[in-house]
Amino acid sequence: MIYTIFITAGLDIFSKSLALSTLDSQPRKILGSLLQLHLVYNSGAAFSIATNRTTLLSAFSIAVATLILIRASRFTHRIWILAAGLVVGGITGNLIDRIFRAPGALSGQVIDWIELPHWPTFNLADTSIVSGAILAAILVLRNISPQNSGDGEGKTNRTNKGECDE
């Protein structure tokens, strides 16, 4: 999981650095209006929620990442580990912005740069968080336990009442 966290956060940091050096406030069309690159400084959460509560958002992010790390330390299923790593890696990427970008001290603005029609501008960290959450939801819906090996025997093993394991 630690590799997923570092790779995810690293790619996010690199992509934001590239966005800062090559983009400006004017959208750059990549696929017409379907995909544009547009540099935005976001002091809030997704959909620009809680723009005046950046420190609270940062504290909440730290708490969520900590809880996921504690819980995921017992995961043995590799896809569950991947999902947890994607979420924590994305949280880490955005927290780095909150800590080190102006005004700093958990109040910094997150760099967003990917724009789709009728959707708020986002970044790779946001994509990672959403991808990890979707992956976790699929695993839950398929009744795959985080403690399984992930070797194809993914379903939770349940014994019926009255049966004996022999």
Just one of the numbered conditions (1) surrounded by 12 or more Cβ atoms within 10 Å (Cβ to Cβ); (2) touching a strand residue (DSSP E or B) at 6+ places or on another chain (Cβ under 9 Å); (3) of a type outside the set (S, T, N, Q); (4) not in a helix (DSSP H, G or I) is not true of ASP24; which one? (1)
Being of a type outside the set (S, T, N, Q), touching a residue at least 12 places away in the same chain (Cβ under 8 Å) and at positive phi is the requirement here; does LEU95 meet it? no
So SER43 fits all but one of (1) over 17 Å from PRO120 (Cβ atoms); (2) surrounded by 16 or more Cβ atoms within 10 Å (Cβ to Cβ); what number is the exception? (1)
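We did not get these values from a lab; they are worked out from the coordinates using the rules stated. Quick caveat: nothing in here was measured; it's all calculated off a predicted structure. Positions of Cβ are generated from backbone atoms using ideal geometry, with glycine treated the same way; all protein chains shown enter the neighbour counts.
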